[in-house]
Amino acid sequence: MNKKVSLLLFSGEFDKALAALILANEAKAMDMDVSIFCAFWGLLLVRDPEKLTDRDKTIYEKMFGAMTAKGADDLPLSKMNFAGIGKMMLTEMMEDADAPPLDAFLKGAVNKGVTFYACKLSTEVMGFGTEEFIDGVKIVTAKDYLQIATESDMQLFI
Amino acid sequence: MNKKVSLLLFSGEFDKALAALILANEAKAMDMDVSIFCAFWGLLLVRDPEKLTDRDKTIYEKMFGAMTAKGADDLPLSKMNFAGIGKMMLTEMMEDADAPPLDAFLKGAVNKGVTFYACKLSTEVMGFGTEEFIDGVKIVTAKDYLQIATESDMQLFI
Amino acid sequence: MNKKVSLLLFSGEFDKALAALILANEAKAMDMDVSIFCAFWGLLLVRDPEKLTDRDKTIYEKMFGAMTAKGADDLPLSKMNFAGIGKMMLTEMMEDADAPPLDAFLKGAVNKGVTFYACKLSTEVMGFGTEEFIDGVKIVTAKDYLQIATESDMQLFI
């Protein structure tokens, strides 16, 4: 039986999302079953910048949507971001080391069959609609997450 | 046998404490055994604002006690806190989505039988006394935590 | 058979590194097998300040090396650092509580046989050379980490 890896992505930062996606891609390449449960700021990774909408949102939800990162490429660094300069530097250093960009890791994970979940309560609080996420993201409850996580061989909170 | 969930709450932030408490409450509702081991900044969640005291504290411990959050309601957001405005916005968005406040999740967890532990070394370093915590918090060592965590079905560091 | 503990140290902060090392030392004292996989900012913990070099580095790698913490003692607090004052206060509070300094926990962990790994991709992106790390650090891939982590009794992302 395949090993199971369960990641809870809580953070909405470039470097942490990168860590989650690298682990997810590698685990998948090792024939493991991998799921990423995006909650709170982690939802920002799976927002599709082409699909964002303000329809049916309260004022707060509109403000929140406008002030937060619009998808993978827009996430800041968790430290040394320096209004984007630190992040630019890091992405160039990744290029120099022949590492693919974050977006490529995200697309790779989706294509290889990593399962992406979005936390139902978080989407409701933040006012994100299902139609604003990248294709394939399923909205599930914390209960569903716990079911999957307790049956996995490893769980990380990122 | 019941599934076991072990959470190590290291962070002293509103959104992370909320994530821990939501998971703890849901896991408990699924008949799992749940423990939250509060260490470092995570201790701020279980400070009881009604019971804080400066007795027998060094100058540093008094300063530290005064500069840090005084219980669940006082925790800041991990990002976009904006001197409390971001947090106020998020708590109103939670109300709009019919989600209970952090304090209700904390009380719920205590009432449902989630076990709360406080890290002995952290309490000693920070100068927090047992009598300053909410009822039911037991002070244990890192060793006790490791014993419980390695026998659990899932462990998260939050 | 010994219990196995797998820690992924992603953060480059004093308090989080301290948490990882305390757990590692205690687990080792309980006869568990412990490994710490340092990735991204977590690599800063195992830089040896005596061995840092700029040889064969690009401009960005030199800048990055100069702007980041030079080993365990140089790590900032994750919060309340206040340009080092908060950290100084916390280290004095640790002394008052008879807790050893971070460096002692690191040396203790190495001496007791905690295995330290450095993430290959992170070292390449950040331009850190093997020769710049403290003795005993092995460079391994994310795949190696996943192999070890999925066979461990507990895993934490710190």
What accessible area, in Å² to the nearest ten, does a 1.4 Å probe give for C:Ser11?
-> 10 Å²
Between B:Met1 and the same site in the other copies, what are the distances in nm, shortest first, taking label points 7 Å from Cα along the C-beta direction?
-> 1.6, 1.6
Extension gain from B:Lys120 to B:Met88, taking 0.36 nm per residue of separation minus the Cα-Cα distance = 8.2 nm
Mean separation of Cα contacts under 8 Å (6+ apart) over length of chain A, as relative contact order % = 37 percent
Looking only at B:Thr58, B:Thr68, B:Thr115, which one moves most when chain B is put into a Gaussian network model with springs between Cα atoms under 10 Å?
-> B:Thr58
What average number of partner chain Cβ atoms lie no more than 10 Å from the Cβ of the residues making up A:144-155?
-> 6
If you count, for every residue in A:117-130, the Cβ atoms of partner chains within 10 Å of its Cβ, what is the mean?
-> 3
Cα-only Rg/Rh for chain C with Kirkwood Rh rounds to 0.97
So, in Å, what gap is there between the alpha-carbon centers of region A:86-136 and region B:1-51?
-> 28 Å
Return P(r) of the protein assembly as shown (all Cα-Cα pairs; 20 Å bins starting at 0; whole %; ordered from short to long distances).
-> 24, 61, 15
Highest-first arrangement of A:126-139, C:24-37, A:79-92, where packing means the average Cβ count within 10 Å = C:24-37, A:126-139, A:79-92
Region C:4-157, dipole about Cα centre (Lys/Arg Cβ +1, Asp/Glu Cβ -1), debye to the nearest 20 | 420 debye
Applying the span-like rule to chain B (DSSP H, Cα extent along axis at least 18 Å, Kyte-Doolittle mean at least 0.5) gives B:14-29
Between C:Glu151 and C:Met1, how many nm apart are label points set 7 Å from Cα along the C-beta direction?
-> 0.8 nm
To the nearest 500 deg cm²/dmol, what mean residue ellipticity at 222 nm is calculated for chain A from DSSP H runs of n ≥ 4 alone, each contributing -39,500 (n - 2.57), summed and divided by the residues?
-> -12000 deg cm²/dmol
Excluding ligands and nucleic acids, what accessible area in Å² is computed for C:Val110 using a 1.4 Å probe, to the nearest 10?
-> 60 Å²
Cβ neighbours within 10 Å from other chains - mean over B:7-16 = 3
Farthest towards the positive end of the dipole of region B:18-133, among B:Thr123, B:Gly71, B:Thr58 and with Cβ unit charges of +1 on Lys and Arg and -1 on Asp and Glu, lies the Cα of B:Thr58
Spelling it out for B:Met154: with amide H atoms placed in the peptide plane at 1.01 Å from N, the residues 5 or more places away or on another chain with amide H under 5 Å from its amide H are B:Lys4, B:Ser6
Could you work out how far apart the two model spin labels at C:Lys112 and B:Thr53 are, taking each label as a point 7 Å from the Cα in the direction of the beta carbon, and quote it in nm?
-> 3.4 nm
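The values are calculated or read from the model by the stated rules, or taken from the named source; none is laboratory data. On a predicted model such as this, the values are computed, not experimentally measured, just so you know. For neighbour counting, all protein chains shown are included, and Cβ atoms are generated from backbone atoms with ideal geometry for every residue, glycine included. Side chains included, ligands, DNA and RNA excluded: accessible areas come from the protein's heavy atoms. Shrake-Rupley method; radii C 1.70, N 1.55, O 1.52, S 1.80 Å.
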